1. With (1) farther than 27 Å from V175 by Cβ; (2) modelled with pLDDT under 95; (3) of a type in the set (D, E) as the list, and D258 as the residue in question, which single condition is left unmet?
2. Which of the residues belonging to segment 563-588 are part of a strand (DSSP E or B) and over 26 Å from T490 (Cα atoms)?
3. Residues to consider are T644, T676, T708; find the one that is without any contact (Cβ under 8 Å) to a residue 24 or more places away in the chain and assigned by TED's automatic domain parsing to the domain that holds T614.
4. Please verify whether I196 is within 28 Å of L46 (Cα to Cα), modelled with pLDDT of 95 or more, touching a strand residue (DSSP E or B) at 6+ places or on another chain (Cβ under 9 Å) and among the β-branched types (V, I, T), treating the condition exactly as stated.
5. The conditions are (1) surrounded by fewer than 24 Cβ atoms within 10 Å (Cβ to Cβ); (2) modelled with pLDDT of 85 or more; (3) of a type in the set (S, T, N, Q), and S269 fails exactly one of them. Which is it?
6. For segment 16-62, give me each residue that is modelled with pLDDT of 80 or more and in a loop (DSSP other than H, G, I, E, B).
7. Consider segment 538-554. How many of its residues are over 18 Å from A492 (Cα atoms), surrounded by 16 or more Cβ atoms within 10 Å (Cβ to Cβ) and out of contact with any Phe, Trp or Tyr (no Cβ under 9 Å at 6 or more places or on another chain)?
8. Do you know which residues across segment 675-696 are exposed (fewer than 13 other Cβ atoms within 10 Å of the Cβ) and part of a helix (DSSP H, G or I)?
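The values are calculated or read from the model by the stated rules, or taken from the named source; none is laboratory data. None of these values were measured; they are calculated from a predicted model. In this analysis, Cβ positions are derived from the backbone assuming ideal geometry, glycine residues included, and neighbour counts consider all displayed protein chains.
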Amino acid sequence: MVVSVFGFSQTYPDLEMGNVTPNPNTSTNVTVALQKDTNNNTGSNLISYTTPSALNVNYNVNAVNFTNAVRFGSGGASPFYTLMNAIGNAGSDNTQYTSFGVPTNGMGIDINTNYGLYIEANLATAGNQAGNGRVKLGEITINLSRGTNNPLLHFKGLGGFSTVSLSAEFTVKSVLNSANQELLSSTTISRLSGNINTNNVAKTLGNDYTGTNSTAAATTSSARGTVRFQNNDIKTIVLEVYGKRNGSSSTVAWSGVDAFMIGLSAGESDLRVTKTVNNSTPNEGSNVVFTVTASNLGASNNTNVTVNDLLPSGYTYVSHTASTGTYVPGTGVWTIGNLNDQANATLTITAIVNATGNFTNTATISTTSGIADPNTTNNTASVSTTPVITDSDGDGVPDSLDLDDDNDGILDTTEGQCINTSNPSTDGFDSPLVATVNGNNIQSVNPYNGWGTETGGANAFNVIRVNGAGYASGPDNAQSGNQYIDITGTSAYVYKNITLTSPAVFSGSAWFANRESSNGGYAPWSTKIEIRNETTGITVAQGNTINFTSSISDEIWNNSSINSVALPAGTYRIRMFVGDFGHLDSISYCFSTDTDGDGYADKDGKKLSITWLTYPTRLEQPKLAEYAQSTLKDIGIEVDVNNTADHATYAKNGEFDVYVSSLTTAPTGDPEYFFTSTVVSDAAKNYGKYSNSDLDDIVAKLHETFDTDERGKLAVEAQQTILDDDAYFFVSHLNMGLVSKSNVSGLTAHPCDYYEITADLEVK
């Protein structure tokens, strides 16, 4: 249908007037189904368009003022629907026309393959008119089966017969939308290509036969080209057909016929978005993967396509992968850009399932290209999950938010993959219990429950079982459990290899003891726990060294430990040097997940980070924050300190995990002030939103009680309540000092500094 004179390859299919069978054959009314051009600008490969339904265009001619003044075909007979080149006139090459999606004007339909309506304006029907005049002959109504954006009309053969100097031209009478509302005043009519004369103010299209446009003068050439009607949801265009004559001013009998062609192109792009999730019932704290697919069902290529998919509050963003374009997690905007006919683009978003929030994830596709979307019912897609909430210790805090979800007193990040050799359920020296040989001495194979010695001896170490009855060659007790390692013969490194498939945070410890000196076996030696990279052979971390000399008592257990060392994926060896007169017990180690390798442990796929809010006016509080930051790092927890004078604003907004502030008792020293201002449900300084109805009742009773002893009991009960709830942690109590000159007497400390100056104060 379309030939590329300039070798322009078609990547912009649209809807064109191609040949149909059978050829319509009515005199005043024609309906044509636009066809999808799959190779626009290179050929005429047209197929039926049915997505979401066919787009039909009806043409109706109506000789309003004069019989047979506007008619289909030559003399009103067939053919009236034929190739655009049916009218032969100078300069009518393909560069005069533009298809809907072609980015360069003047490149588009091929008049040798593209079809249009053959219409005649019969000026003779006008009878006697001014020799130099303009007369309305009739109307052409172009009605699309549904509204579309920015349709193109192609015209050919307006005037150009020098012997008669006549021409047909048009005034746009009406532009209607799908609701039959008038759009004429807001519709811009502009020439894209060719030499057809357009006047957007007067809304006229035609041949400037007066010669002001010399290339379009009726005496030299005929007008042709492509005109865009720029507006959304255009369904109907009504053209008034006029005859124009360039002759004498006197009245003459008009004659002649101006035959011309009209074709139409339209752009439609049925955008669709679908959304799926890999697990509809995930555990809270686990990862889910959303897959968003953006599709263009045709017929036209589209540009400036975006999908909005902002994760709702029920999910926390982890990562994403886009097949094309860019995705910004903070805004949820996936900028695709070009999305061609029949093309798809995919976006996967990995997110953590939160314990609470909105779990319906919605994606919406749109474009700013101006190309009509004939079906908007598929522009939005949603998918939901129903999280399985786990609360292992039943404390009302989901495991994903609980720092210690098994309530064993050990932070989850510290536990990670934890092993203790004194735990009979793991791989330690206390399990399995082996029958004793030679009393307490258990001759053990090497390796023993995964632990071996680097010397490779068959009996490099024994496992000693002690029952508190005494052991002549070592401690008569174990550090933990009832077994420990005794090195046989020579010194050795006790070790175990561990392979990490992802980055981790390592912590480990071991206990060591020396043999008693009274037995004559005393020998100074040094030991520590260390971890070595087995690929490089480099020791990456080591604990404190224990030097068994006269300064350390024999038979006493001493600990060497490593805290929170970031390890990349790889193979590592945990190893401890033990002298031939040494003993080893209670090896414990943990590998906490560290996905990004920054040295901080993960909690359910996220770095465990705590926002610590405080302020600088109390000098001890920034120091406390720094101490917390340093010590918590040892167990893989990041502390982000916000030390600001504007702390009250952050506190009111809830922008903290820990808020450390100083509280004075009260202006009078009465305990009620603390509870009513800070702790009860509606307290002004209850920034943590703590609420306990029992506490509220106690404080209300305190307010109504006047007996001092009873008030004291109620205050203690209220205090114990908030301590039991862990609502507040009281970390320090500062001693205040009063300093005065020697000439001051009667200065007595009061619970509140408001009352230091009393009647007893005397200055000499």
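1. (1)
2. Pass one, segment 563-588, residues part of a strand (DSSP E or B): 563-567, 570-578, 582-588.
Listed by number, the residues that qualify are N563, S564, V565, A566, L567, G570, T571.
3. On the way: T644 fails: without any contact (Cβ under 8 Å) to a residue 24 or more places away in the chain; T676 fails: without any contact (Cβ under 8 Å) to a residue 24 or more places away in the chain.
None of the other options fit; the residue is T708.
4. Working: within 28 Å of L46 (Cα to Cα): yes; modelled with pLDDT of 95 or more: no; touching a strand residue (DSSP E or B) at 6+ places or on another chain (Cβ under 9 Å): yes; among the β-branched types (V, I, T): yes.
Against the criterion (within 28 Å of L46 (Cα to Cα), modelled with pLDDT of 95 or more, touching a strand residue (DSSP E or B) at 6+ places or on another chain (Cβ under 9 Å) and among the β-branched types (V, I, T)), I196 does not qualify.
5. (1)
6. M17, L34, Y49, T50, T51, P52, S53, A54, L55
7. As a first pass, look at segment 538-554 and keep what is over 18 Å from A492 (Cα atoms): 538, 540-541, 544, 549-554.
Okay, now just the ones that are also surrounded by 16 or more Cβ atoms within 10 Å (Cβ to Cβ), so 540-541, 554.
This time we only want the ones that are out of contact with any Phe, Trp or Tyr (no Cβ under 9 Å at 6 or more places or on another chain), so: none.
So the count comes out to 0.
8. S693, D694
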